[in-house]
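The values are calculated or read from the model by the stated rules, or taken from the named source; none is laboratory data. Since we're looking at a predicted model, the values are computed, not measured. Backbone-built Cβ (ideal geometry, glycine too); neighbour counts: all protein chains shown. Protein only, heavy atoms only, side chains kept; ligands, DNA and RNA dropped before computing areas. Shrake-Rupley method; radii C 1.70, N 1.55, O 1.52, S 1.80 Å.
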Amino acid sequence: AAAGHLVTLTGGEPTLHPRLAEFVALARAHDAAGLGVALQTNAVRLDDEARVEGLVAAGLTVVQVSLHAAHAALSDAITQAPGTFARTLAGLDHLARHDHVTLVINYVIVRRNVGDLGAFVALVAARWPRALVNVSFAALSTDVVPDDGDVMPRYGDVMPALEAALDDARARGLAVTGFASMCGVPLCLVGERHRPGEGELGAIPEGWDEGEFVRGEACGACGLRGRCYGVRRRYAARYGTGELRALP
C-alpha cells in the first residue's frame, strides 16, 4: 500500500479470517495512492450487516463478489454449498447500500450456467443497478483442477448466449468488464461492440506465464498480439485453437 499499489484481500475466502477488518484498516492507513482496499469474496458471511459495516468503517472501498447463477438451485449446485445463494444475495444487498463502495459481481461461465446469463443480467439490473458485471470463463488453471468435462465449455458454445446477455446489459445500462483479463474470453471472439478499446489493453510481457497460455496459428498475424492472452494450454489440449482468428 505504501508503494502506491491497490491491496486486494482474497483467498480462499477472506471473510473467514477473524482479523479481516484489521487487515483492511492497516492497508487503508498506508494507502499512499488513495486507491483504497479491495476484497474478493463469495459474500456469504456478509449477510451479517454488522460485519459489512465494520469492514466499510475500516476502509473497504472495492468488493468483488462471486455469483454464478440467478437461481438458488443452480448456484448452490455449482458452488456445492447448499443454502449460500440466498446469503450471497443478502451480502450484496448490504454492500450496495454503501454508495462509495465499488461493487463488482463476478460471473464465472461454466457449462451449466450458460443458459442463466440472461436471467443473471436481469437480476443485477433490477437489484444492484450500479454494480459492475465482470465476466470470467472457467478454466482448468492448474494440473490439479479435475478435467471432469463439466467445468470448461467451448467458447463457440458460449458466445451466442454471452453476446445476447451483453447486448441486454448494455440496453439496461449495466457496465460489463472482464475481457482484458487472463480469466476472460480471447479478444478475437468478443464482438467489436463489447471488445475493450486499445487504451484498456496493457502489454503482456513475453514469457510471463511460463507456458500456461498458448496462441493459435492465426495469432501470429493478429493486431492485438502481445495484448491478448490467447487460451490456456489445457483448453487448447481439449478443443484446439481453431476458433481463434487474426484481428486487424
Handout entry: Accessible-area composition of region 91-234, carbon plus sulfur, in percent [1.4 Å probe]
Key = 50 percent
Problem - Solvent-accessible surface (1.4 angstrom probe) belonging to F120, in square angstrom, nearest 10 - result: 0 Å²
Fill in the blank from the handout: Amide H proximity to T102 below 5 Å, modelled H, separation 5+ or other chain, gives V62, V63
Practice task
For every helix of n ≥ 4 consecutive DSSP H residues, a contribution of -39,500 (n - 2.57) applies; sum these over the chain, divide by its total residues, and give [θ] at 222 nm rounded to the nearest 500 deg cm²/dmol.
Solution key: -9000 deg cm²/dmol
Completion exercise
A chain fully extended from A33 to A171 at 0.36 nm per residue, minus the present Cα-Cα distance, gains in nm 46.2 nm
Exercise for the section: Please provide three numbers in whole Å: the alpha-carbon extents of region 26-184 along the principal axes, with the largest listed first. Expected result: 45, 40, 33
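Using the Kirkwood radius over C-alpha pairs as Rh, can you work out the diffusion coefficient of region 174-213 via Stokes-Einstein at 20 °C, viscosity 1.002 mPa s, in µm² per second?
186 µm²/s
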Problem - Global form of region 142-232, assessed from the alpha-carbon gyration tensor, a/c cut-off 1.5 - result: oblate
Completion exercise
Cα-based Rg/(2.2 N^0.38 Å) for region 68-120, rounded to two decimals, is 1.20
Practice task
Could you check the simple spin-label distance between R154 and L26, using points 7 Å along Cα→Cβ, in nm with one decimal?
Solution key: 4.9 nm
Handout entry: Heavy atoms of T142 accessible to a 1.4 Å probe, total area in Å² rounded to 10
Key = 60 Å²
Completion exercise
The Cα extents of region 7-92 along the principal axes, largest first and rounded to whole Å, are 43, 22, 18
Fill in the blank from the handout: Sorted by chain and number, the residues with a modelled amide H under 5 Å from that of S136, at a separation of 5 or more or across chains, are Y107, V108, I109
Exercise for the section: Can you tell me the relative contact order of the chain? Whole percent, Cα pairs under 8 Å, sequence separation 6 or more. Expected result: 13 percent
Handout entry: Simple spin-label estimate for E210 and Q80 in nanometres, 7 Å along Cα-Cβ
Key = 2.6 nm
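Rounded to the nearest 5, what % of the DSSP beta bridges within the chain are antiparallel ones?
DSSP beta bridges in the chain are roughly 10 percent antiparallel.
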